[in-house]
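Chemist: Handing you this structure, nothing more for now.
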Amino acid sequence: MNIIRKKKSTLMIVILLLLSVMLPSQVFAASYKDLPKKVGIASDKVWNIKFNEDINKDTVNSSSIAVLDSNNKEIPVKVTYIDSRTVAVAPVTKYEEGQTYSLVVKDTLKGKSGNKIKAPARMEFTIENKVVKPTSPKGYIIALDAGRAGNDIGSEIGQAGVKGKDVNLQVALKAGKILEQNGVSVVYTRTGDNVSWSKEDSVAARSKIVNDAKANLLISIHCNSYSSSTAAGTETYYLSGNQESKKLASYIQNQLPAKTGLYNRGIVESSLKTLSSVNATGVYVALGFLTNPKEEQILDSEEYKNNSAEAIANAVLNYLDIKMQTYIKDIQDISVILYKGEKYTLPTTVTAVMSDNTDSKVSVKWDKTSVDTSKEGTFNYKGTVASYSESVNLKVKVISDSSFNEGSIGKVFIDSAGASNTIDLTDPAAVKSKDINLAIGLKVGKILEDKGINVAYSRKTDSVSWSKDKDIDERVKLANASGAELLVRIQMNSYTSQATKGIETYYKTGDDIGKAFAENVQSNLITYTSGVNRGVKTKVFNILDAFNGTGIVVYPGFITNPDEEALLKTSEYQDKIAKAIASSILEGYNSSNETIKDVKDVSVKVNQGEKYSLPTKVAALTNEGKTVQKDVIWETDSVDTSKAGTITIKGRVKNYDKLITLSLIVSSKNATNYKVAIDAGHGGYDSGAVGPNGTKEKDVTLAVALKLGDILVKNGVNVVFTRTSDNVPWPNNKNEELQMRCDIANEANVDFFVSIHTNSIDGSPTTSGTETYYDRDSTKGIPLATNIQEELVSELNSKDRGIKGSGLYVVKYTDAPAVLVELDFISNPDKEKLMNNSDYQQKYAEAIARGILKTLE
Ligand SMILES: [Zn+2]
């Protein structure tokens, strides 16, 4: 009796535990006194229960003290009486990781004097989910929780209506795909906007998914909001008192601002329910502020979603100590043009852009198995690629002869040389050539317009809006913006000798179609004027080179010759010239069913963000040698110029079996004034060296050249290609060919010239290595050669054969510092295989680009 000192003569159970996070208590059987839940408990935890009064040893057993699993079933435990006030409870086998148990002290446990416990006690505890290193990444389970959903928008909405729930979901899905591609298992709390839980049950429902999946980590993804519209940046919340959560948050916050460029608000301690109610190590990522209009726009962008997903995935992998593998970043949509009835098999692979910017062929599964080409129209297919979150789009355009709008009105661009502000050629009698050029240009235009052809002009008056030094650039810009397929420049000739006279017409070197057009115009000019025929000539012309279509330059006479000058200034003579030119053009538009021998590939340069319309007609050469304008159907109707780089579009022309190519160079908004000529070695009639397995040097050099151009353009460098396809612009003559490569670079006044080749040696299939040549008579090519050689050798780990002075034609006769790169030996079957690989071609291109950029700095 004297034992009882307290007013309440019952035993008070006190369970002594480590101090831990305060968590909301769970609801248990009403008859039990609930003690605060404990988390992060070791799987071999021995509970020491301390009592405030002496207990009866005989009542200490596994029926008075028990441990229940989450189904309220007792599990075997060892209950040990330590002393009169202490009992130890140990599991017989280890507790299961991530599981929640209840430790229960029943009222069958009695005090020494026989008194009972007034209220039996119950305490929940959850065993920690240790991130033990699995043998493979597959062992890790990462839960991605896209915040909000359905009508639960909360404060995650911006002024422009961007909703956090959408941004969160896309970032979660993108991050998940990257993680999956790195072999980690991913579980999502949601993969769409429709969810099964109510707004109020959201945290509990999401936590259940995470706990049921036994996830190791939880990344809850959200957008931030604040009452002030200027709050900005990313921050990551961790669970108070949880070191692992803090560590993971730091990893994420290390990556996110750096990858996205958003302000770094750091990591923040929190007791968010989202984090405290899961067994996983969790963090809550706030991507940025939707309440900040600038940030709202950023959060809505594809680029931001990609970057933040990459940052999160990268941080998770870093935390787990897994090295990030390359993954699929993007797969370009595909489109094809087919003739009605043409047989077509859906591709089994598509080219993916990998996270390291290399290309890789990946398997694709389409939503339909075959393509029906019996009907005209545009048909869309969706493809699925394993571990890539988006679908691949394939557009099939089925056309027929009637798809071509034969006889549609074309457009001609007339360029009258000179203007009030340009240097003008004057003659003995002070007649200004710019005035004659303009008069003839307007007359040609008038005739064409009367026949229903659209005409655009570089100028219709004497005064122009551009400065003298921008003269050619501005004319080219106007010509290309006009969408014209044909350009005629009219220019007076001049010479130091007054006796020199006659008519001549120029075409761009290598342009067979332009040549035929020039021949036609020249022949008409002679017929109409009975003038002296100086013939058709060629050279590399800046204006013709930069023009998208086909063009010629007409020199109707010499202003320096007094007789011709007198003739040229008369309206009558100008009429004759105008009619001669116009009739040649009209012939090309009126022709309909000739057999087409050749169609010109189109090369176009536009500025990033500039609107560009695909040409509706292209110049073609008939079997009779006439230049005609043919309708063209492109695989796509519009071009996206929002990103810098090179784009290739295929097109079809009636009565012509081959596809034609339009190469579009979109120059960067931040373009520099640097200009580099890229020369893909060999081409056309000349295969170059051929590898033991048949790989042609000319194909490797072209592939590397085009990739190099793309990289340089993206880096703000202007690019001039000597060739962009196997359809080479030079005749089948080695000397003319090499000179023309130099001419293209010299005319364009480039800063550097880089010729790409592969080496070859007979009878020594193991020989390998990279070497770079410069002009032995000059030192100017040495820095470029050194930098390219260094980058190639280090990127590809190839044998360094060094830089070498040489008398090679292209390095010798190019004005700019010029180098010739031998990537490696195509005669070595191992190297040949690499050269055929698009990833490797990309590597060669990247290394060369780095060498160039380094030299430009
Ligand atoms: Zn070569």
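Chemist: Please compute P(r) over all alpha-carbon pairs of the range 530-581, binned at 10 Å starting from zero, and give each bin as a whole-number percent.
Modeler: 19, 44, 31, 6
Chemist: Can you list, largest first and rounded to whole Å, the semi-axes you get for the chain by taking the square root of 5 times each eigenvalue of its Cα gyration tensor?
Modeler: Computed over the chain, the values are 78, 29, 24 Å.
Chemist: Return the equivalent ellipsoid semi-axes of the range 755-822 as a descending list in whole Å, where each equals the square root of 5 times an eigenvalue of the C-alpha gyration tensor.
Modeler: 21, 14, 8
Chemist: Please name which of SER760, VAL203, VAL540 has its Cα lying farthest along the dipole of the chain towards the positive end, using unit charges on Cβ (Lys, Arg +1; Asp, Glu -1) and the Cα centre as origin.
Modeler: Checked the options; the winner is VAL203.
Chemist: How large is the helix-only mean residue ellipticity at 222 nm for the chain, computed as the sum of -39500 (n - 2.57) over DSSP H runs with n ≥ 4, divided by its residue count, in deg cm²/dmol to the nearest 500?
Modeler: Using -39500 (n - 2.57) per qualifying helix, the result is -8500 deg cm²/dmol.
Chemist: Placing +1 at every Lys and Arg Cβ and -1 at every Asp and Glu Cβ, with all other atoms neutral, what dipole size does the range 411-597 have around its Cα centre, in debye to the nearest 20?
Modeler: 120
Chemist: Can you find, among ASN242, GLN491, PHE125, the residue farthest towards the positive end of the dipole of the chain? Put +1 on the C-beta of Lys and Arg, -1 on that of Asp and Glu.
Modeler: My answer, from the dipole projection, is PHE125.
Chemist: Taking just the alpha-carbon atoms of the range 388-533, what radius of gyration and Dmax come out, in angstrom?
Modeler: Gyration radius and largest Cα-Cα distance of the range 388-533: 19.9, 74 Å.
Chemist: Shifting gears a bit: Mind checking the alpha-carbon convex hull of the range 137-319 and giving the volume per residue in Å³?
Modeler: With only Cα atoms used, the range 137-319 gives 101 Å³ per residue.
Chemist: With Rg and the Kirkwood Rh both taken from Cα atoms, where does Rg over Rh land for the range 216-285?
Modeler: Dividing the radius of gyration by the Kirkwood radius yields 0.98.
Chemist: Also, I was wondering about something else. Please report the relative contact order for the range 137-319, taking Cα pairs under 8 Å with a sequence separation of at least 6, and give it as a percent rounded to a whole number.
Modeler: Dividing the mean separation by the residue count of the range 137-319 yields 30 percent.
Chemist: Let me ask something else about it. Roughly how many Å is it from the Cα centre of the range 485-562 to that of the range 824-857, as a whole number?
Modeler: Between the Cα centres of the range 485-562 and the range 824-857 lies a distance of 42 Å.
Chemist: Something else about it: Based on the Kirkwood radius over alpha-carbon pairs, what is the Stokes-Einstein translational diffusion coefficient of the range 55-168 at 25 °C with 0.890 mPa s viscosity, in µm²/s?
Modeler: D, rounded to a whole number, is 134 µm²/s.
Chemist: Starting from the Cα of SER370, step 7 Å along the direction of its Cβ; do the same at THR86; then give the gap between the two resulting points in nm.
Modeler: Here the answer is 8.2 nm between the modelled labels.
Chemist: Kirkwood Rh, Cα Rg: Rg to Rh for the range 502-556?
Modeler: Ratio of gyration radius to Kirkwood radius for the range 502-556: 0.98.
Chemist: Between the range 247-318 and the range 452-482, what is the C-alpha centre distance in whole Å?
Modeler: 51
Chemist: On to the next question. If you take all C-alpha pairs in the range 670-856, what percent of them are over 20 Å apart?
Modeler: For the range 670-856, the share of Cα pairs beyond 20 Å comes to 48 percent.
Chemist: Please state, rounded to one decimal and in Å, the Kirkwood hydrodynamic radius that the range 656-779 gives when every pair of distinct Cα atoms enters the mean of 1/r.
Modeler: 16.0
Chemist: Now a separate question. Using only the alpha-carbon atoms of the range 266-390 as identical scatterers, what base-10 log of I(q)/I(0) does the Debye formula give at q = 0.15, 0.18, 0.23 Å⁻¹?
Modeler: -0.93, -1.10, -1.34
Chemist: In what sequence, highest mean first, do 150-160, 276-286 appear when ranked by Cβ atoms within 10 angstrom?
Modeler: Averaged packing, sorted descending, gives the order 276-286, 150-160.
Chemist: To the nearest 0.05, how large is the calculated FRET efficiency for LEU68 and ASN380 if R₀ is 51 Å and r is the Cβ-Cβ distance?
Modeler: That pair, LEU68 with ASN380, gives E of 0.35.
Chemist: In 5 Å bins starting at 0, how do the alpha-carbon pair distances of the range 317-411 split up by percent?
Modeler: 3, 12, 18, 16, 13, 12, 8, 7, 5, 2, 2, 1, 1, 0
Chemist: Using all alpha carbons of the range 282-323, what is the percent of pairwise distances in each 10 Å bin, ordered from the shortest bin to the longest?
Modeler: 26, 45, 23, 6
Chemist: Using the crude model of +1 on Lys and Arg Cβ and -1 on Asp and Glu Cβ, and no other charge, please compute the dipole size for the chain relative to its Cα centre, in debye to 20.
Modeler: In total the dipole reaches around 4020 debye.
Chemist: Using alpha-carbon pairs under 8 Å, 6+ residues apart, how would you state the relative contact order of the chain in percent?
Modeler: 7
Chemist: Which shape class, rounded, prolate or oblate, goes with the range 564-636 when its Cα gyration tensor gives a ≥ b ≥ c as root eigenvalues, a/c under 1.5 marks rounded, and past that a/b bigger than b/c marks prolate?
Modeler: oblate
No value in this document is a laboratory result; all are computed from the given coordinates. It should be emphasised that the depicted structure is a prediction, and the values quoted were computed from it without experimental measurement. So basically every Cβ, Gly included, is an ideal-geometry build from the backbone, and we count neighbours across all protein chains shown.
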